[in-house]
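One structure is given here, and the rest of the page talks about it.
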């Protein structure tokens, strides 16, 4: 089980101390689909980055099966089985989609196997496997490739930072299917940061983070009704319109 | 040919055995072996060191390999190779030079290549540079290639210039003159490390209507190495020219990119792009989240960039 204990992150900006994460304690039980939601700027993405090791907390602990991993590097945490899908996927000049998937899988995958992961995220593998991960790919394409790398890793904990951000409605429909399928087939914990009602609907439990604190958490059926109609859970159409 | 020379040949020409088609292996300033074919004749020059490579008109899908190896410390040579590429031919030419220097004197190969590309001919030219030697060797490995390309009407030339490792000092100068409908593509890939020095200068004269040139350089400078890239595109007709220099700078290296475009015709369309930057931190982070160490991540990014 992944846990965070009294986790805090403060930064100094314009000679002012700001607490981005305030004393958060949470458990992420194994093999669960957990959605983290809440208003923008509330600290959700920061929490995800703290879990992946991209940011370092100013206080508190991150535990994996009781082992304190707070001081471990991004690489070490990745090797322990934590994957992280970026909200804004990174572009690489020269690296091809198949290179990234092979790196993610940690072995010399056959092209056929690499294609499986692309197909799983709704990309026609033949068209993409040799593409460079550069500016020629659209935001939606990059996002799906990002998710494919996490699938290829197949680790016990996968963290997705707003997978819906920056993709069009058409892609979004497919994305929901991808997560539904992942929920059915992948063993392991899925932590997904999202504002989307349709993603929250498939979660086992929901955590609401606002102002750097956990303001609510519990099973989906207990939390979701309270969120509907708020910023935390907008219909896809509403978000596009707003 | 000894084991070291064979290994160098593998490195610069991807050759593990005697190639098909015509070839000329030059090792330590002497011809090691040569084969001409019915359509491709290789002749020793009479007035200066070097060879003439004469490709008959209409020769299709044939190749010429002309690797050069220097494995003697202190050896310096200037070699003149002229390629006469007949009308309507379609050929692959693989050159390349490898220097193995395990002594304390400099070894140097200056190759002057001239290409006379006749009407409607297509050429793919690959040139790889490679250097190695023993750790304690103080002699430098130096290569200064000069390439001239004269392209007649409706010709096409694709040049791949690669220098990834082990060359201490290089000054590359390339000149191309394009007639109407001629198309030139250059892909240069360069990596320098330690205190190496590499300079590359391209001058492309777009003289004919419908001619086009695309000169793309990707380079990585590490250690305290220095690189200078100069591209000059001169649009003298209704033509299209594009040059791009994209560099990753690391450690204490220094890179200069000097693009120059000059138009003497209102119908010339010329573009240059140049960018120098370090590896983006988020690229490293992304690969670390996939389980690579920081060092492995940098290697992957550099390898991909130079692929």
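Bear in mind these aren't lab numbers, they're just calculated from the coordinates by the rules spelled out. What you see is a predicted model, and the numbers here were worked out from it, not measured in a lab. In this analysis, Cβ positions are derived from the backbone assuming ideal geometry, glycine residues included, and neighbour counts consider all displayed protein chains.
Packing, as the average of other Cβ atoms within 10 Å across residues, places the peptides B:265-275, B:152-162 in the order B:152-162, B:265-275, highest first.
The label-point distance for residue A:127 and residue A:204, in a model that sets each label 7 Å from Cα toward Cβ, rounds to 3.6 nm. The relative contact order of chain B, computed from alpha carbon pairs under 8 Å that lie at least 6 residues apart in sequence, is 10 percent. Comparing mean-square fluctuations of A:26, A:142, A:228 from a GNM of chain A with C-alpha springs under 10 Å, the top value falls on A:228. Compared with the alpha-carbon gap, the fully stretched path from residue A:40 to residue A:63 is longer by 5.7 nm at 0.36 nm per residue. Binning all Cα-Cα separations of chain A at 10 Å, short to long from zero, yields these whole-percent fractions: 7, 32, 36, 21, 4, 0. When the helices of the protein assembly as shown are scored as -39500 (n - 2.57) per DSSP H run of n ≥ 4 and the total is divided over every residue, the value at 222 nm lands at -6500 deg cm²/dmol.
Using a Förster distance of 25 angstrom, determine the FRET efficiency expected from the C-beta separation of residue B:296 and residue A:110, and round it to 0.05.
Computed FRET efficiency for residue B:296 and residue A:110: 0.70.
Between the Cα long axis of helix A:139-153 and the first principal axis of chain A there is an angle of about 90°, rounded to the nearest 10. Using the average count of surrounding beta-carbon atoms within 10 Å as a protection proxy, the listed peptides A:90-103, A:7-20, B:131-144 rank, highest first, as A:90-103, B:131-144, A:7-20. Taken along the Cα-to-beta-carbon direction at a fixed 7 Å, the label points for residue B:92 and residue B:78 span 3.3 nm.
Between 0 and 90 degrees, the angle of helix A:111-120 with respect to the longest Cα principal axis of chain A falls at about 50 degrees.
Quick check: from the Cα gyration tensor, does region B:3-281 come out rounded (a/c under 1.5), prolate or oblate? In terms of gyration-tensor shape, oblate. A full extension of the chain between residue B:61 and residue B:282 corresponds to an added length of 75.1 nm, given 0.36 nm per residue minus the alpha carbon distance.
So, R0 is 30 Å and r is the distance between the beta-carbons of residue B:124 and residue B:1; what FRET efficiency does that work out to, to 0.05? Write out the running numbers ahead of the final one.
Working: r = 26 Å, r/R0 = 0.86.
Plugging the Cβ-Cβ distance into 1/(1 + (r/R0)^6) gives 0.70.
What angle do you read, to the nearest 10 degrees and between 0 and 90, between the alpha-carbon axis of helix A:169-185 and the longest principal axis of chain A? Helix A:169-185 sits roughly 80 degrees off the main axis of chain A. A Förster radius of 51 Å, combined with the Cβ-Cβ distance separating residue A:22 from residue B:47, puts the computed FRET efficiency at roughly 0.05.
Look at the stretch B:297-306: the mean tally of other chain Cβ atoms within 10 Å of its residues' Cβ atoms is 3.
Stretching residue A:183 away from residue A:71 to a fully extended chain increases their span by 37.3 nm, per 0.36 nm per residue minus the current alpha-carbon distance. Remark: spin-label model distance residue A:217-residue B:201 equals 6.6 nm, labels positioned 7 Å along the Cα→Cβ axis.
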